[in-house]
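Single-structure report; data block below.
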Amino acid sequence: MVTEQKYPSLEEIGEDCVALRLLSPAYAGRDGELTAVLQYVYQSVIFSEAGRGEFASALVRIAVNEMHHLELLATMIAKLGAPPVFTACPPYPVGYYSAACVNYTRNPRQMLCADICAEENAITCYENILCRIKNAPVAAVLSRILEEEREHLKTFNELLSKL
């Protein structure tokens, strides 16, 4: 599951509009952290109601970790120079987040396959940002988040194998 390793400091992060634009989709874009939080919480309830407590607990743990990622990204967005509104393109108040981004399937296999796809997309997103970003303090935090996204992917694959 998720390791207890600490995150790099956010103290050295200052205004940087290029880093801000790169980071924003991971925050509240269609496939960003906000979608992950909402989707995993939704699914935890579905699994719980179906009597699959192990699955529900795993999803809640991952959702909480994704909430931490969301908080880190929000803090970095603020330090980079924009309010952390739920849009993929701050500082512009357009394209607000929609909960329609969440996959609302109720089939256990389809839910986990959607989660695997979401984590693969997150990994690709963070890898692409890291290839382009020049802001070292932001890159350090994103690298740490990327490690956890890889752990999430492993967990979802393990859960899928148990169905």
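Table for the structure above
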quantity	calculated
Cβ charges +1 (Lys, Arg) and -1 (Asp, Glu), total dipole of segment 17-162, debye	260 debye
Inter-site label distance for CYS131 and GLU147 at 7 Å from Cα along Cβ, in nm	2.3 nm
Distance in nm between pseudo-label sites at GLU71 and LYS6 (7 Å out along the Cβ direction from Cα)	1.6 nm
Rounded tilt (10° steps) of 33-49 against the dominant C-alpha axis of the chain	20 degrees
Mean Cβ count within 10 Å, highest first, over the residues of peptides 93-99, 69-75	69-75, 93-99
THR124-LEU160 FRET efficiency (beta carbon distance; Förster radius 25 Å; 0.05 resolution)	0.85
Relative contact order computed over segment 40-163 (Cα-Cα under 8 Å; 6+ residues apart), in percent	20 percent
For segment 1-98, Kirkwood radius (reciprocal of mean inverse C-alpha pair distance, Å)	14.4 Å
Angle in degrees between helix 136-162 and the longest Cα principal axis of the chain, rounded to the nearest 10	10 degrees
Amide H contacts under 5 Å for THR87, placed H, 5+ residues apart	TYR97
Percent of C-alpha pairs per 10 Å bin, segment 17-162, short to long	12, 43, 30, 12, 1
Lysine pairs within the chain, Cα separation less than 23 Å, 8 or more sequence positions apart or different chains	5
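Every number here is computed from the coordinates shown, using simple stated rules; none is lab data. Only a predicted model underlies this, so the values are computations on that prediction, with no experimental measurement involved. Here Cβ is always computed from backbone atoms with ideal geometry, including for glycine, and neighbour counts include all displayed protein chains.
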